[in-house]
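Just below is one structure, and these are the notes that go with it.
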Amino acid sequence: MFTQITVSVGLYTIQLTTIVGLNVVTTCSPKHANLVRSYSAKHVFDYKDPQVIEKIKQAAPGLKYPGKANTENVVDGTKITDVLVWTAFLKDHAYGEFKWPASKANHELCSELFKKVSEWLEKGVVKLSNPKVFSGLDKVDDGFQEYQDGKVSAYKIVYKV
């Protein structure tokens, strides 16, 4: 699976994808490469590297399931898949021109994984993302400002109320 990572959801995606038996090939900034590897990504590349596509093709010549991001010039025969989270709700979703049809198979897979996540978290099979904790709802604006300023990277903002 190929995806872009370093947000909290991406780090969970790496782990769950690995648990179901797929190798993760991803891009991120060099400063987060070791973090992404620590969450089980098999191949990690600098998304700004002008040779990133060639390097991915060399590392994973049989890549079959890239995410939707940056899928121009993928290897012939590569299957582009929908983002699982949108297809798992048994309801079609759309955002602008992008459309994600409901998928019973994805719904069943997500339901199966959801039943196991609590146990995996308790046993440390799935690692939590690093939180940055703000105290009180009066700090919500601060959290949104960090996000707007592009400062949120490799951590999840959490509010303690």
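Descriptive notes on the structure:
- Qualifying lysines (Cα of each under 30 Å from Cα of Lys160; at least 8 residues distant if same chain): Lys31, Lys115, Lys116, Lys123, Lys127, Lys132, Lys139, Lys151
- Vicinal HN-Hα couplings computed from phi for the stretch 47-60 (Karplus, 6.51 cos²θ - 1.76 cosθ + 1.60; Hz; Gly/Pro x): 5, 8, 5, x, 9, 4, 5, 5, 5, 5, 4, 5, 6, 9
- The ranking of Cys28, Cys110 from fewest to most other beta carbons within 10 Å of each one's beta carbon is Cys110, Cys28.
Rule-based calculations on the coordinates, nothing more; no lab input. All values reported here derive from a predicted model rather than from experimental measurement. Note that each Cβ is placed from the backbone with ideal geometry, even for glycine, and that neighbours are counted across all protein chains shown.
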